[in-house]
Amino acid sequence: MDIYNWLKAGHIIFVVALMAGLLVFPRYKIHQLSSQPGEPLFETMKKSSGQLRMIILNPSLVLVWLFGLGMVYDDWQRGGSFIWKDGFTRNFFWSSSFQGCTDTSSDSATRSTA
């Protein structure tokens with residue numbers, strides 16, 4: 001198995017970890033806001049949200065970027081067979097977004113003459 005597949009696997013694993021952390025983080029903050037400062041729940045949620053951020057969210061975000069950039073670099077070293085050479089990025093993100101978007105307001109059939 002080549003390095004690209006390992007990079008992709010790591011990228012997917014840490015994207016899932018990042019999304020899970022992002023879904024849990026607001027819940028911790030809502031529990032924290034529902035209690036008064038100084039109460040045990042407030043302090044517990046404050047500590048838990050800080051730990052979640054420092055242990056899961058920050059490392060996952062960094063690793064998602066590193067694995068993603070590693071995939072782009074590996075692809076570039078091979079000659080860009082998937083992302084650049086075949087035009088996947090250009091065709092997927094640009095052509096599909098802008099095809100069929102025409103301005104019909106300047107069409108003479110739809111413009112009323114007063």
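Please treat every number below as a calculation from the coordinates, not as lab data. Everything numeric here is computed off the predicted structure, so don't read it as measured data. A quick note on method: Cβ atoms are made from the backbone with ideal geometry, for glycine too, and the neighbour counts reach across all protein chains shown.
Observations, loosely collected:
- Label point 7 Å beyond Cα of R78 along Cβ direction - residues of the range 1-26 with amide nitrogen under 12 Å: 1-8
- Cα gyration tensor category, rounded, prolate or oblate, for the range 1-80 with a/c compared to 1.5: prolate
- Taking 7 Å steps out from each Cα toward its Cβ at Q51 and S35 produces label points 1.3 nm apart.
- Neighbour net charge for R27 - beta-carbon separation under 15 angstrom, K R +1, D E -1: +4
- For the range 41-48, 3J(HN,Hα) per residue [Karplus equation, 6.51 cos²θ - 1.76 cosθ + 1.60, θ = phi - 60°, Hz, x = Gly/Pro]: 4, 4, 5, 5, 5, 5, 5, 5
- Neighbours of Q36 by Cβ distance under 14 Å: Lys/Arg scored +1, Asp/Glu scored -1, total -1.
- Potential lengthening between T44 and V16 on full extension [0.36 nm per residue; Cα-Cα distance subtracted]: 7.6 nm
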